[in-house]
Amino acid sequence: MKTLLLTLLLVITSISSAQGDFVINNVTLFNGEEILENRSVAVSNGTITKVSKRPQKAETIIDGQGKFLMPALTNAHVHTWALPQLKEAAQAGVLNLLDMHGMEPMQKAMVDARTSLDGARLYRAGYAATTEGGHGSQYGFPIPTLSKSADAETWVNDRVAAGVDYIKIIVEPWKKTLDKETVAQIIKEAHKASKIAVVHVSNEEDAYNSLISDADGLVHIYHDKPMTDQHLQELVEEKDFFVIPTILTTVLIQPLYFNKTKEETALIEANLLKEVKRLYDAGIPILAGTDPPNANINIGSDLYKELAFFAKAGLPIEAVLASATSLPAEKFFLEGVGYIKKGYKADLLLLEQSPVNDVMKLNTLSHIWKEGTLVEQE
Ligand SMILES: [Zn+2]
């Protein structure tokens, strides 16, 4: 019996590894940094084993002529509560999701599903830091809050004990909110625990205060006014941080929450795009996130629209594609993803048409591989 089981196991293992071995020849690709033409990518056992200029041989050869290959996408700002969302994301080529506030106990099953081959991997902040009655406390699930900087150490340690990947802080003055000192202390405690700390802000002053207190990133762009030249210069010189602008969200909520007209919203959009380009030009990494399900944004293909906003803002295509691939992988320490390079996971997207001149061509996605296994498209 034992021998039979062992034989069966061996057969299963060899079948699955055979399925995972293939090459894509003569393809134009984005490797996470630059666009390269006429490349050949070999995949074995779920890993990229070689990227070369010469066509390679394998049992399964995919002709990439006229097609475009890129790393699978990461959405750097989402909210999740159930397993089907992970599949929905994967169907659009989004294989990593960074949750920015949710119920820790409910997230456990989703985190455990990271190894599944048909859903996105979930990374999470757990509960976001907010004060009692503050933004983030209104969603109908109980959350632990804090009110003063002396609470920061215990609060952060509780998140770490719950297994979170990073710390998220909410500063939102339309309700009661955390004060500057408490925010600074949470960031300090997060760093002490080797976690990065990211902050929800909506105005320039809170953005500056959070970043000058060593926040690693903003999960929204401020939308009251552009950052002052003095603040921007000071931050660029002294600090190291990224911005997840969530342009799509910020634009969509204008008529919904602030009663803005079409014309007013168009002007806000133009100003936000100008600010994103300004931050990019100042050397600040721009990451893509869309904050679903806010403003009815979906957890899958709506991410392409955020990339289209970055392109419209004037970011070069390499920066647009990096915002949802290599950059979130680097900034959130996601292991082995975000690049098409030897040794990385074969998390790959094959597009029928090139997104170089129109990033919405992501809609021509024909193949999605997670660790070398084809994600069946429904
Ligand atoms: Zn959010």
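The values are calculated or read from the model by the stated rules, or taken from the named source; none is laboratory data. Since we're looking at a predicted model, the values are computed, not measured. Glycine also receives a Cβ, built like all others from the backbone with ideal geometry; neighbour counts cover every protein chain displayed. Side chains included, ligands, DNA and RNA excluded: accessible areas come from the protein's heavy atoms. Shrake-Rupley method; radii C 1.70, N 1.55, O 1.52, S 1.80 Å.
Charging the Cβ of each Asp and Glu at -1 and of each Lys and Arg at +1, and nothing else, the dipole of the stretch 73-331 about its Cα centre rounds to 560 debye. The fraction of accessible area contributed by carbon and sulfur in the chain is 52 percent, rounded to a whole number (1.4 Å probe; ligands and nucleic acids excluded). Work out the charge dipole of the chain with +1 on the Cβ of Lys and Arg and -1 on the Cβ of Asp and Glu about the Cα centre, then indicate which of 329, 98, 375 is farthest towards its positive end. Projecting each Cα onto the dipole axis, the largest value belongs to 375. Counting only DSSP beta bridges with both residues in the chain, the antiparallel share comes to about 50 percent. Note: relative contact order over the stretch 73-331, using C-alpha pairs below 8 Å and six or more positions apart, is 18 percent. Comparing 288, 235, 115 along the charge dipole axis of the stretch 73-331, the residue lying farthest to the positive side is 115, per the Cβ-charge model.
For the stretch 73-331, the solvent-accessible area with a 1.4 angstrom probe is 39 square angstrom per residue.
Sorted largest first, the spans of the alpha carbon positions of the chain along the three principal axes are 61, 53, 37 Å. For the residue pairs 176/274; 176/312; 168/225; 195/260; 277/370; 180/331, the alpha carbons lie more than 26 Å apart in 176/274; 176/312; 195/260; 277/370.
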